[in-house]
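The values are calculated or read from the model by the stated rules, or taken from the named source; none is laboratory data. No experiment lies behind these values; they were computed from the predicted model shown. Cβ: placed from backbone, ideal geometry, glycine included. Neighbour counts: every protein chain shown.
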Amino acid sequence: MYTTFYQDHAIKTKIPDDAEGKICWKSPANIALIKYWGKETGQIPMNASLSFSLKKSVVKACMRYKVSITGEGGLQSFKVNGEENETFARRIKDYLLSLYPYFPCLGRLDLEIETHSTFPHSAGIASSAAAFSALALCLCSLEEALYGGKNQDEDFFRKASYMARLGSGSACRSVYDGFALWGETRHYQTGSNLFATRLFEQDVNPLFNTLQDAILVADSSAKKVSSSSGHAMMKNHPFRESRIEQVELNMQKFLNAIKEGDEKTFVEVIENEALTLHGLMMTSDPGYLLMKPGTLEMIEKIRNFREETGINVGFTLDAGPNIHLIYFEKDAKKVRPFITSGLAPYCQNGLWMDDGMGTGPGKINNL
Ligand code: PMV
């Protein structure tokens, strides 16, 4: 139903000549526990994924808008952490152009955009999901500022999620707090390939709203194979079909575990998803490896710690070498000393970041 909905309902009303203002949003990065890997044309995921939004890893974005005197609007400047950034500016320009059918007003506005991320670039956390989410939220607010609107209701976030997806797939999950699901699955009714939705409160045991994520930086150098190339290689991947089946099975186990409060199955599933993601990379054509020796050392340590203590802590990995140590807040007293003495020594320059489930995006006044 939503495939062409936002284009069909694009607002074409002329904007007042003196329209001018500034809109800012902050949006979190998210960490996927059920992984999106592989996409079809139009940013449609090969399989459903599920993530939670982080508390401290956040991108803020401010958008200044003004009616263009030439009648032809466009991006006038784009700054990242206070500096003009040509590479990103090009990507954002293309992104905005691709959104004209949804927001015809963009064709008449001059825009100046500035973003700021709260986490160090060296942390290896992709800021693109948080950035595209923040930008999409700014665009939806811009529309409300120009034409009036219902003020950030469910439809607002659904639309923002749809627009964020067009910038970067996983970004569509960053417009929510808590757990976000993106993609169709047999195991959850609201799953859509076009936008993410939040899991219903009754489907999440409160224990799972206390998840912590220690981001352990095994290596911060730029990765040799981009996520886009990785996604593309899933098209003819020998394990494509079995991956699609496996994800459904993992999704079912995962949803069941977080509803029932089953910590053990939760940990089993998230580690299986992380290792599968990297297994798919190794068995792509050409195959590649993003894990580093430090990654493997930490995995070994985490599994030993879990066996020795009986504490349900596990790891996940993004498309990179860094470990995300996932644990419950109730275990923090025992897990923290393990991080600092058992894992930090394997991190590059001892770098790790203490994060966890956050409260989602929010409108702000300034960067
Ligand atoms: O949104 P992209 O194209 O950067 O892909 C992200 C893919 C993973 O981070 C590896 C998994 C995920 O679901 O976020």
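Please name all residue pairs, on different chains or six or more residues apart, with Cβ atoms under 7 Å, provided the first residue is in segment 250-270 and is touching a residue at least 40 places away in the same chain (Cβ under 8 Å) and the second residue is of a type in the set (Lys, Arg) and in a helix (DSSP H, G or I).
Matching pairs, first to second residue: 269/253.
Could you look through segment 38-54, keep only residues that are in a strand (DSSP E or B) and small (Gly, Ala, Ser), and pick out the one that is farthest from residue 133 (Cα to Cα)?
Filtering segment 38-54 for residues that are in a strand (DSSP E or B) and small (Gly, Ala, Ser), the one farthest from residue 133 (Cα to Cα) comes out as 49.
From 230, 261, which residue is in the same structural domain as residue 311 (by TED's automatic domain parsing) and at positive phi?
261 is the lone residue from the list that is in the same structural domain as residue 311 (by TED's automatic domain parsing) and at positive phi.
Run down 12, 26, 35, 22 and say which single residue is surrounded by fewer than 20 Cβ atoms within 10 Å (Cβ to Cβ) and either touching a Phe, Trp or Tyr at 6+ places or on another chain (Cβ under 9 Å) or in the same structural domain as residue 135 (by TED's automatic domain parsing) (or both). Don't jump to the end; show me each part of the working.
Working: 12 fails: either touching a Phe, Trp or Tyr at 6+ places or on another chain (Cβ under 9 Å) or in the same structural domain as residue 135 (by TED's automatic domain parsing) (or both); 26 fails: surrounded by fewer than 20 Cβ atoms within 10 Å (Cβ to Cβ); 35 fails: surrounded by fewer than 20 Cβ atoms within 10 Å (Cβ to Cβ).
Among 12, 26, 35, 22, only 22 is surrounded by fewer than 20 Cβ atoms within 10 Å (Cβ to Cβ) and either touching a Phe, Trp or Tyr at 6+ places or on another chain (Cβ under 9 Å) or in the same structural domain as residue 135 (by TED's automatic domain parsing) (or both).
Results for (1) at pLDDT below 95; (2) touching a Leu at 6+ places or on another chain (Cβ under 7 Å); (3) crowded, with 18+ Cβ neighbours inside 10 Å; (4) more than 26 Å from residue 28 (Cα to Cα), shown as yes or no for each residue.
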position	(1), (2), (3), (4)
249	no, no, no, yes
260	no, no, no, yes
274	no, yes, yes, no
284	no, no, yes, yes
298	no, yes, yes, no
316	no, yes, yes, no
343	no, yes, yes, no
355	no, yes, yes, no
363	no, no, no, no
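Filtering segment 309-327 down to residues that are under 21 Å from residue 261 (Cα atoms) and of a type in the set (S, T, N, Q), which residue is farthest from the chain's Cα centre (by Cα)?
309
Select from segment 224-241 the residues that are surrounded by 18 or more Cβ atoms within 10 Å (Cβ to Cβ) and under 20 Å from the mean Cα position of the chain (by Cα) and write down the one among them that is farthest from the ligand (Cβ to nearest atom).
It comes out as 234.
Being at pLDDT below 95, more than 16 Å from the ligand (Cβ to nearest atom) and touching a Cys at 6+ places or on another chain (Cβ under 9 Å) is the filter here; which residues of segment 40-76 pass it?
73
Could you tell me whether residue 343 is free of Cβ contacts under 8 Å to residues at least 12 places away in the same chain, out of contact with any Gly (no Cβ under 9 Å at 6 or more places or on another chain) and more than 30 Å from residue 61 (Cα to Cα)?
So residue 343 does not fit the description; no.
Report yes if some residue within segment 294-312 is outside the structural domain of residue 48 (by TED's automatic domain parsing) and in contact with a His (Cβ under 8 Å, 6 or more places away or on another chain); otherwise report no.
no
Out of everything in segment 55-80 that is in a strand (DSSP E or B) and of a type in the set (Gly, Ala, Ser), what residue ends up being surrounded by the most Cβ atoms within 10 Å (Cβ to Cβ)?
61
Any residue that is of a type in the set (A, V, I, L, M, F, W, C), within 16 Å of the ligand (Cβ to nearest atom), in a strand (DSSP E or B) and within 16 Å of the chain's Cα centre (by Cα) - is there at least one of those in segment 11-29? Walk me through how you get there before you give the answer.
Restricting attention to segment 11-29, the residues satisfying the condition of being of a type in the set (A, V, I, L, M, F, W, C) are 11, 15, 19, 23-25, 29.
Right, trim to within 16 Å of the ligand (Cβ to nearest atom) and you get 29.
Restricting the remaining residues to those that are in a strand (DSSP E or B) gives 29.
Checking which are within 16 Å of the chain's Cα centre (by Cα) leaves us with 29.
There is at least one residue in segment 11-29 that is of a type in the set (A, V, I, L, M, F, W, C), within 16 Å of the ligand (Cβ to nearest atom), in a strand (DSSP E or B) and within 16 Å of the chain's Cα centre (by Cα).
Looking only at strands (runs of 3 or more DSSP E) that fall completely inside segment 120-217, which ones have 2 or more residues that are more than 13 Å from the ligand (Cβ to nearest atom) and surrounded by fewer than 23 Cβ atoms within 10 Å (Cβ to Cβ)? Spell out the reasoning first.
Numbers: elements: 179-182, 196-198, 211-216.
Because the criterion is at least 2 residues that are more than 13 Å from the ligand (Cβ to nearest atom) and surrounded by fewer than 23 Cβ atoms within 10 Å (Cβ to Cβ), the strands (runs of 3 or more DSSP E) in segment 120-217 that meet it are 196-198, 211-216.
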